[in-house]
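In what follows, a single structure is set out as structure tokens and then discussed.
All of the numbers you see were taken from the coordinates with simple rules; none came from a lab. The structure presented is a predicted model; accordingly, all values stated were derived computationally and were not measured. Backbone-built Cβ (ideal geometry, glycine too); neighbour counts: all protein chains shown.
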Amino acid sequence: MGEATEIQLQILDEGNKLDENSAERKTNGIMRQSTTIPGQRTYKWWLLMTNYTFFLLAGQSMATLLGRLYYDKGGNSKWMATLVQVAGFPILIPLYHLSSYKSSNHKTNNSDITINPPSVLVLLAMYSGLGVLLAADCLLYSVGLLYLSVSTYSLICASQLAFNAFFSFFLNSQKFTPFIINSLVLLTISSALLVFNNDSSGSTSVSKGKYVIGFVCTVAASAGYGLMMSLTQFCFQKILKKETFNVVLDMIIYQSLVATLVIFAGLFASGEWESLGKEMKGFKLGKSSYINVLVWIAIGWQVFSIGAVGLIQEASSLFSNVISTLGLPIVPVFAMVFFHDPMNEIKVISMVLVISNLSRNSTGLSITKLMC
């Protein structure tokens, strides 16, 4: 009996060792995955984020400056300036089909992972809601750019980060870290200073009443943009539940299609379409330049959309907005060179607040995202 008991104990010990070894192997396997995946993810993340960041900054700067050029050289249609912000989405359709073709040729056997796609009604409601919000937001931006100099306009747009942080707290469970709180305070002060500014001394002479209208519309547009970015992140996480480039293009194309239809209706309802021919003839740079300016504005905003929505998908709406706000001080510099916009003391202080805020907080938010 003693020998049998000893043999049983040895067998049990060996079985326990085998279980421990197998558990250890599983644990090591998990640890290896968890240590290698972040490394791979970091490399791909930085590469992808670099591309998206370039698209966002280049598209935003080019489209904003050309939008100011449109107004300065004789363009006066708010609805046309709004339409070109969203109507360029057809240029993304070839890219969409190319991306679909590549993804179909690189499919892996992941049949065990199934994600139930949302219903057509849910997708229709999502894209329609975002599209209507986008149309209203673009119209507010157009009115703001009409009545403000491009430098003042860009600095006020920096407030969109504060609005985005506010909406992300409720929609995306974003915590108010010291970086975010600092951004809220500095950007609020920066925008509040511009209330006391007046663009009437610049090249785009406007009355005080029109300046107030432009200021209010730009702040409202920044709030709408912050809400839309938070809603976009919410849709990616809760409804679409996918992380592919095609999903990014879907989001841009379908909401832009809805926004284009809404803006077309506004263009014809307002009667501005009747004056477009006269506006083209009276454009100071000529008819061909009139068309080229509008086409490149449309292209610029679509390039911006790829960068902005891509950053939302890969990181968060707040991170995307930080990068977008980071590019806003670039525009006033170009505005001084090309449009001779005055840079008074108030604008300088506002720009310094924006730049100092972003230099501190964009790094903090990037590190926080990498650690997640």
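Over the C-alpha atoms of region 271-351, what are the Rg and the largest Cα-to-Cα span, Dmax, in Å?
When restricted to Cα atoms, region 271-351 yields Rg and Dmax of 17.4, 46 Å.
Full extension from K242 to F268: what is 0.36 nm times the residue separation minus their Cα-Cα distance, to one decimal in nm? Don't jump to the answer; show the numbers that get you there.
Numbers: separation 26, 0.36 × 26 = 9.36 nm, distance 3.76 nm.
Stretched fully, the K242-F268 segment lengthens by 5.6 nm.
Taking the Cβ of each residue in W45, W301 as the centre, tally the other Cβ atoms inside 10 Å and list the residues starting with the fewest.
Details: W45 15, W301 25.
Ordered by Cβ neighbours within 10 Å, fewest first: W45, W301.
What do the square roots of 5 times the Cα gyration tensor eigenvalues come to for region 206-277, in whole Å, largest first, as semi-axes of the equivalent ellipsoid?
Working: eigenvalues 197, 80, 14 Å².
Over the Cα atoms of region 206-277, the ellipsoid semi-axes are 31, 20, 8 Å.
Rank-order 209-222, 79-92 by packing density, defined as the average count of other C-beta atoms within 10 Å over each peptide's residues, highest first. Don't jump to the answer; show the numbers that get you there.
On the way: 209-222: 19.9, 79-92: 21.5.
The densest-packed peptide leads the list: 79-92, 209-222.
Quick one: which of 117-123, 330-336 comes out on top by average Cβ neighbours within 10 Å, and what's the full order, highest first? Mind dumping the intermediate values first?
On the way: 117-123: 11.7, 330-336: 19.1.
Per-residue mean Cβ counts within 10 Å order the peptides as 330-336, 117-123.
Calculate the tail of P(r) for region 253-296: the fraction of all Cα-Cα distances greater than 15 Å, expressed in %. Don't skip to the end; give the middle numbers.
On the way: 542 of 946 pairs.
Tail fraction, whole percent: 57.
Quick check: residue separation of F338 and V212 times 0.36 nm, minus the Cα distance between them. What number comes out in nm? Intermediate results must be reported in sequence, preceding the final value.
Working: separation 126, 0.36 × 126 = 45.36 nm, distance 2.46 nm.
That pair, F338 and V212, stretches by 42.9 nm at full extension.
Where does each of T325, T152, T50, T244 land when they are ranked from fewest to most other beta-carbon atoms within 10 angstrom?
Working: T325 25, T152 30, T50 10, T244 13.
Neighbour counts put them in this order, fewest first: T50, T244, T325, T152.
Could you work out how far apart the two model spin labels at W46 and F169 are, taking each label as a point 7 Å from the Cα in the direction of the beta carbon, and quote it in nm?
In this crude label model, W46 to F169 measures out at 3.4 nm.
Taking θ = phi - 60°, what integer Hz values does the Karplus form 6.51 cos²θ - 1.76 cosθ + 1.60 yield along region 238-245, in sequence order, with x for Gly and Pro?
So the J values, rounded to whole Hz, are 9, 10, 6, 6, 9, 10, 10, 5.
Please work out the FRET efficiency for the pair L276 and V122, using the Cβ-Cβ distance as r and a Förster radius of 35 Å; give the result to the nearest 0.05.
Numbers: r = 37 Å, r/R0 = 1.07.
So the FRET efficiency works out to roughly 0.40.
Of K208/K287; K78/K287; K73/K278; K78/K281; K73/K208; K210/K284, which ones are farther than 25 Å apart at the Cα?
Values: K208/K287 32 Å; K78/K287 18 Å; K73/K278 13 Å; K78/K281 17 Å; K73/K208 22 Å; K210/K284 23 Å.
In this structure, K208/K287 lie more than 25 Å apart at Cα.
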